[in-house]
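Trainee: There's a structure below that I have some questions on.
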Amino acid sequence: GEDVEQSLFLSVREGDSSVINCTYTDSSSTYLYWYKQEPGAGLQLLTYIFSNMDMKQDQRLTVLLNKKDKHLSLRIADTQTGDSAIYFCAEMVQEVALIFGKGTTLSVSS
Amino acid sequence: GAVVSQHPSWVICKSGTSVKIECRSLDFQATTMFWYRQFPKQSLMLMATSNEGSKATYEQGVEKDKFLINHASLTLSTLTVTSAHPEDSSFYICSARGGSGPTYEQYFGPGTRLTVT
């Protein structure tokens, strides 16, 4: 079945870049997403990438997609303490449902 | 941007009772709504998908008689947890999708924390 894997924790210092990695299994996924969840809150869509793209940049966020290896990454430049949260990678399957990874907890220290 | 609300944000109920959670799309018509369950430090697990006016499609392992979903209008879906037990305690999140726009974007509600005592 579909599965999305992420590393569980990442710790960086303020001002450094953060890179969160994700692997997925469904090669037919049309869209791949990165969501952010702050404590006690719902999910906020950060960015998404269409499966025929290799890279997408949106201000401090850069998404890289290696479709051959089914690998997705999110790079956050100049990481700030406000970026501390859980980041979920998700793939869309059958053009309807989202399958989420377990989430990567990003901790930013000043 | 599109806003999805959930009510209540937190509910505590006694074992054996039923509790209803509402999910509303405030500024768009949601043709499809999704219900997810999230355990602490865990991923979101899709429970069911509902299209307005039709029966919900439940994921494998989700009891449809226990988790009743009603998507009666284009802006409202409800999840009723019937005969709740402590193991039903969880964070329930809904999302809504308006049509089949190019981004296939789902908008998420803030979640409802259910505690069954």
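Trainee: With a 10 Å cut-off between alpha carbons and a GNM built on chain B, which of B:95, B:50, B:15 moves the most?
Mentor: B:15
Trainee: Let me ask something else about it. Taking 0.36 nm per intervening residue step and subtracting the Cα-Cα distance, what contour gain separates residue B:20 from residue B:85 on full extension?
Mentor: Details: separation 65, 0.36 × 65 = 23.40 nm, distance 1.42 nm.
Extra length from residue B:20 to residue B:85 when fully extended: 22.0 nm.
Trainee: Would you mind giving the mean number of other chain beta-carbons within 10 Å of the Cβ of each residue in A:34-40, as a whole number?
Mentor: Values: counts 0, 3, 0, 5, 0, 0, 6.
What the average comes to for A:34-40 is 2.
Trainee: Count the DSSP beta bridges whose two residues both fall in chain B, then state the antiparallel fraction as a percent rounded to the nearest 5.
Mentor: Details: 36 of 40 bridges.
Percentage antiparallel, nearest 5: 90.
Trainee: Along Cα→Cβ, 7 Å out, is where each label goes; now give me the distance between the ones at residue B:13 and residue B:29 in nm to one decimal.
Mentor: 3.1
Trainee: Which entries in B:14/B:41; A:67/B:55; A:56/B:64; A:68/A:102; A:67/A:102 show an alpha-carbon gap greater than 28 Å?
Mentor: A:67/B:55; A:56/B:64
Trainee: Can you compute the FRET efficiency between residue A:58 and residue B:2 using 1/(1 + (r/R0)^6), with r the Cβ-Cβ distance and R0 = 25 Å? Round to the nearest 0.05.
Mentor: The calculated FRET efficiency here is 0.85.
Trainee: Report the net charge of residues surrounding residue B:76, where surrounding means a beta-carbon distance below 11 angstrom and charges are Lys +1, Arg +1, Asp -1, Glu -1.
Mentor: With Lys, Arg at +1 and Asp, Glu at -1, the neighbours total -1.
Trainee: Oh, and also: Obtain the nm distance between the two label points defined at residue B:52 and residue A:7 by a simple spin-label model: each point lies 7 Å from its Cα along the Cα-to-C-beta direction.
Mentor: It is 4.4 nm.
Trainee: Okay, next question. Averaged over its residues, how many other protein chain Cβ atoms are within 10 Å of peptide A:99-108's Cβ atoms? Display every interim value, and only then the final one.
Mentor: On the way: counts 4, 7, 2, 4, 5, 0, 1, 0, 0, 0.
Rounded to a whole number, the mean comes out at 2.
Trainee: Going by the alpha-carbon gyration tensor, a ≥ b ≥ c the square roots of its eigenvalues, is segment A:51-110 rounded (a/c under 1.5) or, if a/c is not under 1.5, prolate (a/b greater than b/c) versus oblate?
Mentor: The shape class here is oblate.
Trainee: How shielded is B:32-44 by partner chains, expressed as the average number of their Cβ atoms within 10 Å of its Cβ atoms?
Mentor: Per-residue shielding by partner chains comes out at 3.
Trainee: Write down the percent of antiparallel bridges among all DSSP beta bridges whose residues are both part of the protein assembly as shown, to the nearest 5.
Mentor: Details: 75 of 84 bridges.
DSSP beta bridges in the protein assembly as shown are roughly 90 percent antiparallel.
Trainee: Let me ask you something else. For segment A:98-105, just list the computed ³J(HN,Hα) in residue order, Karplus coefficients 6.51, -1.76 and 1.60, θ = phi - 60°, integers in Hz, with x standing in for Gly and Pro.
Mentor: These are the phi-based 3J(HN,Hα) values: 9, 10, 9, x, 6, x, 10, 7 Hz.
Trainee: Let me ask you something else. All other residues with a Cβ under 11 Å from the Cβ of residue B:85 taken together, and with Lys, Arg as +1 and Asp, Glu as -1, what is their net charge?
Mentor: 0
Trainee: Also, I was wondering about something else. How much length is gained on full extension from residue A:67 to residue A:14, taking 0.36 nm per residue of separation minus their Cα-Cα distance? Don't skip to the end; give the middle numbers.
Mentor: On the way: separation 53, 0.36 × 53 = 19.08 nm, distance 3.08 nm.
Length difference between fully extended and current span is 16.0 nm.
Trainee: Right, something else. Rounded to the nearest 20 debye, what is the charge dipole size of the protein assembly as shown about its Cα centre when +1 sits on each Lys and Arg Cβ and -1 on each Asp and Glu Cβ?
Mentor: Dipole magnitude for the protein assembly as shown comes out near 320 debye.
Trainee: Let me ask another. Relative contact order for chain B: what percent, with Cα pairs under 8 Å and sequence separation of 6 or more?
Mentor: Details: 297 pairs, mean separation 43.0, N = 117.
Over chain B, the number comes to 37 percent.
Trainee: Here's something else I'd like to know. Per residue of segment A:30-45, in order, report the coupling 6.51 cos²θ - 1.76 cosθ + 1.60 (Karplus, θ = phi - 60°) as ³J(HN,Hα) in whole Hz, putting x for Gly and Pro.
Mentor: 8, 10, 10, 10, 10, 10, 10, 10, 8, x, x, 10, x, 8, 10, 5
Trainee: Once the piece of chain linking residue B:117 and residue B:39 is laid out straight, how much longer is it, given 0.36 nm per residue of separation minus the C-alpha distance between them?
Mentor: Separation in residues times 0.36 nm, less the Cα-Cα distance, equals 26.4 nm.
Values in this text are rule-based calculations from the coordinates and carry no lab data. Bear in mind that the values here come from a model prediction, so they are computed numbers and not experimental data. Neighbour counts run over all protein chains shown; Cβ positions are idealised from the backbone, glycine included.
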